[in-house]
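Some notes on the structure that comes next.
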Amino acid sequence: MATESNRTMLTVREVAARLNVSPGCVYRLVSHGDLPHIRIGAERGTIRVDETDLEAFVRAGKSQPKAMVSPPSIEKAFVHLDADRLRAAWSAGK
C-alpha cells in the first residue's frame, strides 16, 4: 500500500493515456466529480490523480456480463390477441 510520501500522482495526460481517452474526457470526469483528484497550486491549480484512485475508478466502472434471457414464446407474447375477439371486432367494423 502506498504511503502519503511515496504515492504515484498522475497528470491529466498520463490518466488520459492509461484510459485511452482524450485529456478533455479526463477534465470532464474531474469537473463532474467522477474521478477523485487534487489540485496543486493557486487558483485553478494543476490537477493530479492518485494512481490508486484511478485503479479504483476503473474497477468501479467495469460492468458484469448479463445472463442470457430467452425471448418469450410466441404463444405467451400474444395472449391478449384472442382469435374470436379479433373476428368479432373485424365483423363489427364492416
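The values are calculated or read from the model by the stated rules, or taken from the named source; none is laboratory data. Bear in mind that the values here come from a model prediction, so they are computed numbers and not experimental data. Here the Cβ positions follow ideal geometry from the backbone for every residue, glycine too, while neighbour counts run over all protein chains shown.
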Which residues, taken from the stretch 60-88, are surrounded by 10 or more Cβ atoms within 10 Å (Cβ to Cβ) and at pLDDT 70 or above? D82, R85, L86, R87, A88
Kindly check whether there is at least one residue in the stretch 37-53 that is within 16 Å of T8 (Cα to Cα) and under 16 Å from the mean Cα position of the chain (by Cα). no
